[in-house]
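Report on the structure given below.
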Amino acid sequence: MATLLLIHGGLWEDMDADRFWRRPGVVAGLEGLGCVVVAPDRLRLASSWADEAAHVASAVSGTGAPVTVVGGSFGCAAAVRLALSHPGLVQRLVLAWPAALSDQFVAIRVRAGLARLGARAGVLDALLGGGVVPGASDAEVRGLSVPVGVLPSVPPNPVHPRSAVDALLRLLPSAVELPGCPEAPRPEFQPNLESFLATIVAFAEL
């Protein structure tokens, strides 16, 4: 029986595990397939991805490590930092709909939005800096030692571009691309729910 830690998306915005994972049916669906699911709310105004990783790590401290971690959108950054800082906790890693700031207009918009919410320069640099994965260097990502699956947003969009998936697959030659779909909070996700669940369970049980 696989234990899954689901890390929802969003970045300093009105997003939580209920909206991202529960309402779309992901948590109930995975539990119906026999998985143990932990889906905590992320820190609302985290100042670093290290803080995010410590917070989500505490949510699975009593479940018995290791677990398969599924990060969604900006939750991928928290998932990567968790795998880097708590290597004994993460058995497998799914990066679903990875968010990217490679487009300068997206980067400017996200940075400005966080600044309006009160994020100072140091926090902005900590959350948005790095390489392909916000807050992590490409060298750190290359150093991931766990099996990684990358699940693209289909169709892609400016925050979840195809280029982010391709960049991750270049950094991690052993990673596998999983069948893509729209992000879970979107209405278009619902017709893809069953296939998404099957994909996650199959990867967790490899």
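What separates the Cα centres of segment 172-187 and segment 5-72 is a distance of 17 Å. Under the rule that an exposed site lies in a DSSP loop and has at most 16 other Cβ atoms within 10 Å, name the longest stretch of the chain with no trypsin sites (Lys or Arg not before Pro) of that kind, not counting the sites themselves. The answer is 121-206.
The H on the amide N of Leu151, modeled in the peptide plane, is under 5 Å from the matching H of Leu95, Ala96, Trp97, Leu178, each at least 5 residues off or on a different chain. Once the C-beta distance of Ala54 and Arg19 is scaled by a Förster radius of 25 Å, the resulting FRET efficiency is 0.65 to the nearest 0.05. Loop exposure criterion: GluC sites (Glu not before Pro), DSSP state outside H, G, I, E and B, at most 16 other Cβ atoms within 10 Å. Applied to the chain, the longest stretch between such sites is 14-204.
Comparing Ser48, Ser195, Ser102 in a Gaussian network model of the chain (Cα springs below 10 Å), the most mobile by mean-square fluctuation is Ser195.
Between amide H atoms placed 1.01 Å from N, distances below 5 Å from Ala2 occur with Val36, all of them 5 or more places distant or on a separate chain. Round to the nearest 10 and give me the degree value, 0 to 90, for the angle of helix 75-85's Cα axis relative to the longest principal axis of the chain. Roughly 80 degrees between the two axes. With R₀ fixed at 25 Å, the C-beta to C-beta distance from Glu177 to Arg120 puts the FRET efficiency at about 0.10. Placing +1 on the Cβ of every Lys and Arg and -1 on the Cβ of every Asp and Glu, with nothing else charged, gives segment 82-165 a dipole about its Cα centre of roughly 180 debye. Take the Cα of Ala28, step 7 Å toward its Cβ, do the same at Arg142, and the gap between the two points is 4.6 nm. Ser47 label point, 7 Å along Cα→Cβ, cut-off 18 Å on backbone N: hits in segment 112-136? It comes to 114-129, 135, nothing else. A viscosity of 1.002 mPa s and a temperature of 20 °C, combined with the Kirkwood radius over C-alpha pairs in the Stokes-Einstein formula, give segment 3-204 a diffusion coefficient of 129 µm²/s.
FYI, it's all coordinate maths here, none of it is from the lab. Everything numeric in this text was worked out from a predicted model, so none of it was measured. As a convention, Cβ positions derive from the backbone with ideal geometry for all residues, glycine included, and neighbour counts pool all protein chains shown.
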